[in-house]
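The values are calculated or read from the model by the stated rules, or taken from the named source; none is laboratory data. Source: prediction; values computed, not measured. Ideal geometry is used to build each Cβ from the backbone, glycine not excepted, and the neighbour counts take in all protein chains shown.
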Amino acid sequence: MTFDVEVGDAIRTVTVHRKGLLLHVAIGGRTHVVDVRRVGDATLSMLVSNGDATRPVTSVDAALHPSAAAAPGARLAANGIPGAFDIHLDGRTIPVQIRQAGAFGRQKEKGTGVTGTGPQRIVSPMPGKVVRVLVAAGDEVKARQGLVVVEAMKMENELRADRNGRVRDVAVTVGQSVDAGTVLMVVE
């Protein structure tokens, strides 16, 4: 899986591969081995090794951004809308946004963000299984309202509306397996 991670004004591409219980995370040509554990509804605890036995393992905590955690039904996930997290490292809190690879550029180029116009295509950010469909065709939705929940890598990812609209089409059913990039529904 490949994601874009925005920290301040910088956007970095991050590739994640699962190997057993560990994640191998490639950033800027370096691979880090990460042991991730969920410690709460909105918190992950990670032990990060850079593969060099001479360097110590780093402990990193990640929490769903407070504004997103306040939303009803919020889930911890790289769900693309907007994927806001606070990373706690060495006594500092670093706000980051995680999105599907290329999503930051597409949003700016095509105007499909919160202030954009036209249909919103809600797509699966990674392969998984649809565990809940929270709306039906014809339903009115509000910005940041949960639309569908996809389970991937033993985590539930709630995908949300970018802005207010009406559900035009629901293309999936509960229990259906989906690939990364599969269109799950369209909101106008």
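General remarks:
- Taken across the stretch 20-37, residues that are in contact with a Lys or Arg (Cβ under 7 Å, 6 or more places away or on another chain), more than 26 Å from Leu159 (Cβ to Cβ) and at pLDDT below 80 do occur, with at least one present.
- Close Cβ contacts (under 9 Å, 6 or more residues apart or on different chains) running from residues in the stretch 14-27 that are under 17 Å from Ala101 (Cβ atoms) and assigned by TED's automatic domain parsing to the domain that holds Arg38 to residues that are of a type in the set (Phe, Trp, Tyr) and part of a strand (DSSP E or B) comprise Val14/Phe3; Thr15/Phe3; Val16/Phe3.
- Any chance Ala101 is at pLDDT below 80, of a type outside the set (Ser, Thr, Tyr), under 29 Å from Arg18 (Cα atoms) and touching a strand residue (DSSP E or B) at 6+ places or on another chain (Cβ under 9 Å): yes
Conditions tested, residue by residue: (1) exposed (fewer than 14 other Cβ atoms within 10 Å of the Cβ); (2) in contact with a Cys (Cβ under 8 Å, 6 or more places away or on another chain); (3) not basic (Lys, Arg).
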| position | (1), (2), (3) |
| --- | --- |
| Val5 | no, no, yes |
| Ala10 | yes, no, yes |
| Thr15 | yes, no, yes |
| Arg18 | yes, no, no |
| His24 | no, no, yes |
| Val33 | no, no, yes |
| Val36 | no, no, yes |
| Gly40 | yes, no, yes |
| Pro56 | yes, no, yes |
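- Evaluation of Lys110 against (1) under 18 Å from the mean Cα position of the chain (by Cα); (2) at pLDDT below 85; (3) basic (Lys, Arg); (4) surrounded by fewer than 18 Cβ atoms within 10 Å (Cβ to Cβ) (one fails), failing number: (1)
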